[in-house]
Structures are given as structure tokens and as C-alpha cells.
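Asker: A single structure is presented below for examination.
Each value in this text was obtained by applying a stated rule to the coordinates, not by laboratory testing. On a predicted model such as this, the values are computed, not experimentally measured, just so you know. A quick note on method: Cβ atoms are made from the backbone with ideal geometry, for glycine too, and the neighbour counts reach across all protein chains shown.
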Amino acid sequence: MSAQDAVIWLTAAIAFIIPLAGYALHLHFEAKRQVVLAAETHERERLQARANVLENLSLLAKAIEDQQVNLTEGCWRVRVFLDLLDEGIHVHNPDLDVFDRVYQQTKHLATHKERSKLASDQIAKQDKEREAVEAEFSSQIQQAAIKLSAFCEVQTKLGAEPLFVNAAEGK
């Protein structure tokens, strides 16, 4: 191979490698952009889900305060939403733990299809048990519902404020 042939092969190789390197760089930056976009989308969806849970909790608190929902059912529903909110850290909040206590004392009671399969004496027995728990905790549930409304209001305001400001966007 002559020197001239070597130069031609080297030039061809460089002409081939440079565009490939450019394309690889383009793909790298596109992948980084996609990762950032996915993270932003995930965060937006997380915040929206959190806002939905807070809205549902607020509606449940109002329904409990206005006695539009059975206290046991209300406690069960609140307990589920508190478990979903912020990975469950609020379930044992001292102001809200009555919902969990009622849930723990009544979770064995039959509901829906299971309840319809019970004999009438068993239904009456379970109703008495549920009513006794509701009577025991009624005032605490009402107070917790009021505190839950305030909690939701505070948490909604906290969630509306950005944690970080992007100076480049001028926000």
C-alpha cells in the first residue's frame, strides 16, 4: 500500500467516523433530554395524584362532619387515602390516628358480598359491634374530621408552591 492509498483510506475513515460520532453525540443528548422529560412528567403526575388524594380527603372530612357518611365507612376511606398520601406517613399523625384506630377495630367486619352472605343474626351482631365502636369514637372522629380539613388545606397550599425555582425561566 502506498502512502497515497493510506491517506485516501484514512480520509475515508475520518469522513465516515466523524458523522457517526456526531450522530452518537446527538443520541446521547436526546437520551439525556428524554430522561429529564420523564422525570418532570413523573413529578407532575406525582403532584397531581397527591392533589387528588388531598381533594378526596377533604371531601371525606366534609362528609364526616356533615354526617353524610357512616362513621366506620368514612374512617376506612380516610385511612386508605392517608395510607396513599406521602407513603403513609400521616396514618399515625396524632390528630388523625382515630381513623386508623377505628379501622383496626372494625376491619374484620364483613362488607358488600360477604355481608350479604351472612345470616341476619350475624349481621345484627356485626352492626352492634360497629355501632359500639362508632359510639365510642364519635366525638373523636368529628374532631379529627375538622383537623383533617385543616390538614388538607395546609397540605394543598404546600403542594402548590414549588420547592425549587428555575432562574432560567424567570419564575
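Asker: For the chain, calculate the relative contact order in percent as a whole number, restricting contacts to Cα pairs under 8 Å that are 6 or more residues apart. Walk me through the numbers before you get to the answer.
Answerer: On the way: 100 pairs, mean separation 44.5, N = 171.
Over the chain, the number comes to 26 percent.
Asker: If packing is taken as the average number of other Cβ atoms within 10 Å across a peptide's residues, how do 146-158, 67-79 rank, most packed first? Spell out each step's value before the answer.
Answerer: On the way: 146-158: 16.1, 67-79: 19.3.
Taking the mean over residues of other Cβ atoms within 10 Å, the ranking is 67-79, 146-158.
Asker: Under a plain spin-label model, where a point goes 7 Å from the Cα along Cα-to-Cβ, how far apart in nm are GLU40 and VAL7?
Answerer: That separation, rounded to one decimal, is 5.0 nm.
Asker: Kirkwood Rh over Cα pairs of the chain into Stokes-Einstein at 37 °C, 0.692 mPa s: D in µm²/s?
Answerer: 157 µm²/s
Asker: Tell me, what ³J(HN,Hα) does each residue in region 15-29 have, in order and in whole Hz, if you take phi through Karplus 6.51 cos²θ - 1.76 cosθ + 1.60 with θ = phi - 60° and put x for Gly and Pro?
Answerer: The phi angles translate into 5, 7, 6, 4, x, 5, 5, x, 5, 4, 5, 4, 4, 4, 5 Hz.
Asker: Here is a further query. Number of Lys pairs in the chain with C-alpha atoms less than 30 angstrom apart, excluding same-chain neighbours closer than eight positions?
Answerer: Lysine pairs, 8 or more places apart or on different chains, close enough: 18.
Asker: Quick one: length gained pulling GLU73 to GLU30 fully straight, 0.36 nm per residue minus the C-alpha distance?
Answerer: Values: separation 43, 0.36 × 43 = 15.48 nm, distance 4.95 nm.
Between GLU73 and GLU30, full extension yields 10.5 nm more.
Asker: Something else: Expressed in nm to one decimal, what extension gain is obtained for the pair GLN140 and THR156 from 0.36 nm per residue of sequence separation less their Cα-Cα distance?
Answerer: So the extension gain works out to 3.4 nm.
Asker: Another question about this same structure. Once you charge only the Cβ atoms, +1 for Lys and Arg and -1 for Asp and Glu, what is the size of the charge dipole of the chain about its Cα centre, to the nearest 20 debye?
Answerer: Values: 19 positive and 25 negative charges, 54 e Å.
Dipole magnitude for the chain comes out near 260 debye.
Asker: Under the rule of at least 5 residues apart or a separate chain, name every residue whose amide H is placed under 5 Å from the amide H of ASN70.
Answerer: So ASN70 has HN proximity to no qualifying residue.
Asker: Shifting gears a bit: Starting with the highest mean, order 106-118, 14-26, 51-63 by the number of other Cβ atoms within 10 Å, averaged over the residues of each peptide. Don't skip to the end; give the middle numbers.
Answerer: Details: 106-118: 11.8, 14-26: 9.8, 51-63: 18.2.
Per-residue mean Cβ counts within 10 Å order the peptides as 51-63, 106-118, 14-26.
Asker: Give me a comma-separated list of calculated 3J(HN,Hα) values for region 141-157, in order, Karplus coefficients 6.51, -1.76, 1.60 applied at θ = phi - 60°, integers in Hz, x for any Gly or Pro.
Answerer: For region 141-157, the Karplus-derived couplings read 5, 4, 5, 5, 5, 5, 5, 5, 4, 5, 4, 5, 4, 5, 5, 5, 5 Hz, x marking Gly and Pro.
Asker: Can you find, among HIS28, LEU54, VAL69, the residue farthest towards the positive end of the dipole of region 23-69? Put +1 on the C-beta of Lys and Arg, -1 on that of Asp and Glu.
Answerer: Going by the Cα projections, it comes out as HIS28.
Asker: Residue by residue through region 93-107, what is 3J(HN,Hα) from phi via Karplus (6.51 cos²θ - 1.76 cosθ + 1.60, θ = phi - 60°)? Round to whole Hz and write x for glycine and proline.
Answerer: Per residue, the Karplus-derived 3J(HN,Hα) values read 4, x, 6, 10, 6, 5, 4, 5, 4, 5, 4, 4, 7, 10, 5 Hz.
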